[in-house]
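Participant: Before I ask anything, here is the structure I am working with.
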Amino acid sequence: MGILLTTGQAAEELGCAVTTFRRLVHAGLLPGLSRRGVRVMVPLDAVQALAARRAAPLERLDATEIAVLRVDAVRTAPAPGQPWTGYSATLPPDDLLKALRGWWRCDAASVAAGGVMPVTLSGYTVAVLTGLEQWEKNSEGRHAFPCARLAGFVTDLVTPQVRLTSDRSEDRRLAELLLSTRLASHSGGSVAYATTRTTTS
């Protein structure tokens with residue numbers, strides 16, 4: 001049997017908070033987990049695979065800035081007509097799309113201008129949304145993108161295993177480019193913005 005780590009040890013190896021790492025566990029993205037009493041144990045090679053994951057090649061995108069949707073593991077949503085919010089590797093594509101396309105506090109025009117919105121969980125790109133040209137706004141000032149398409153999503157972040165769910169070639173290209181990569185973003189809310197190329201003065 002290979003070396004097993006606690007979630008705390010795994011988080012330390014990755015340089016993140018244990019709560020951040022546990023989101024990956026709760027979302028069903030890590031295979032090979034086992035239990036030792038109440039503790040969840042994680043294979044060391046799975047943690048090493050996550051640590052070695054490349055950064056998202058944002059410089060290959062057309063826009064100079066894109067929105068990044070940062071989500072938690074899936075939970076029941078309070079909004080009528082939206083049964084889920086967040087991410088789970090086990091959700092069917094239609095339910096996953098419903099969970100990801102709204103309602104978010106964001107600059108909807110900026111989201112649309114980017115043309116693509118990677119969805120990240122604990123700093124890893126787990127889904128890609130496109131078709132963001134139209135949006136709705138509710139009474140709380142949150143936005144949804146009713147025509148959004150799920151270009152693809154990740155079912156296993158270690159190997160990784162991705163599912164392409166759009167038949168449009170550009171959607172598939174974006175999904176293949178971004179899925180399972182590391183994508184750091186910093187924001188106080190669910191939607192952050194990332195520049196795709198560095199500028200020199």
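Participant: Name the residues in the stretch 91-117 that are under 16 Å from VAL68 (Cβ atoms), open to solvent by less than 30 Å² (accessible area, probe 1.4 Å) and in a helix (DSSP H, G or I), would you?
Facilitator: Residues satisfying the conditions are LEU100, ALA108, VAL111, ALA112, GLY114.
Participant: Could you pull out the residue among ALA77, ALA73 that is open to solvent by less than 20 Å² (accessible area, probe 1.4 Å), within 26 Å of ALA55 (Cα to Cα) and modelled with pLDDT under 95? Full working, then the answer.
Facilitator: Values: ALA77 fails: within 26 Å of ALA55 (Cα to Cα).
Matching residue, one of ALA77, ALA73: ALA73.
Participant: Sticking with this structure for a sec: Pick from the stretch 40-67 the residues that are buried (at least 20 other Cβ atoms within 10 Å of the Cβ), out of contact with any Asp or Glu (no Cβ under 9 Å at 6 or more places or on another chain) and small (Gly, Ala, Ser): which of them is farthest from ALA175 (Cα to Cα)?
Facilitator: ALA46
Participant: Which numbered condition trips up THR19, out of (1) open to solvent by 80 Å² or more (accessible area, probe 1.4 Å); (2) assigned to a strand (DSSP E or B)?
Facilitator: Against the list (1) open to solvent by 80 Å² or more (accessible area, probe 1.4 Å); (2) assigned to a strand (DSSP E or B), THR19 comes up short only on (2).
Participant: OK, next. For the stretch 167-197, give me the residue count where each residue is within 11 Å of VAL116 (Cβ to Cβ) and in a loop (DSSP other than H, G, I, E, B).
Facilitator: Residues in the stretch 167-197 being within 11 Å of VAL116 (Cβ to Cβ) and in a loop (DSSP other than H, G, I, E, B): 1 in total.
Participant: Could you list all residues from the stretch 29-49 that are outside any loop (DSSP other than H, G, I, E, B) and not charged (D, E, K, R)? Let's see the steps before the verdict.
Facilitator: Step one: of the stretch 29-49, the residues outside any loop (DSSP other than H, G, I, E, B) are 34-36, 39-49.
Residues satisfying the conditions are SER34, VAL40, MET41, VAL42, PRO43, LEU44, ALA46, VAL47, GLN48, ALA49.
Participant: State the number of residues belonging to the stretch 118-146 that are at positive phi and open to solvent by 10 Å² or more (accessible area, probe 1.4 Å). Reasoning before the result, please.
Facilitator: Here is the first cut: in the stretch 118-146, the ones at positive phi are 122-123, 131, 141.
Next, only the ones that are open to solvent by 10 Å² or more (accessible area, probe 1.4 Å) stay: 122-123, 141.
Qualifying residue count, the stretch 118-146: 3.
Participant: Return the residue satisfying two criteria in turn: it lies in the stretch 164-201 and is farther than 18 Å from ARG53 by Cα and among the charged types (D, E, K, R), and of such residues it is least open to solvent (accessible area, probe 1.4 Å). Explain how you work it out, then say what you get.
Facilitator: Step one: filter the stretch 164-201 for residues farther than 18 Å from ARG53 by Cα, giving 164-173, 186-201.
Filter once more, so that each one left must be among the charged types (D, E, K, R): 167-168, 170-173, 197.
Values: ASP167: 139, ARG168: 128, GLU170: 83, ASP171: 6, ARG172: 91, ARG173: 87, ARG197: 97 Å².
In this case the residue turns out to be ASP171.
The values are calculated or read from the model by the stated rules, or taken from the named source; none is laboratory data. None of the values given here were measured: they were computed from a predicted structure. FYI the Cβ positions are ideal-geometry reconstructions off the backbone, even for glycines, and counts take in every protein chain you see. To get the accessible areas, we keep the full protein, side chains included, count just its heavy atoms, and leave off ligands, DNA and RNA. Shrake-Rupley method; radii C 1.70, N 1.55, O 1.52, S 1.80 Å.
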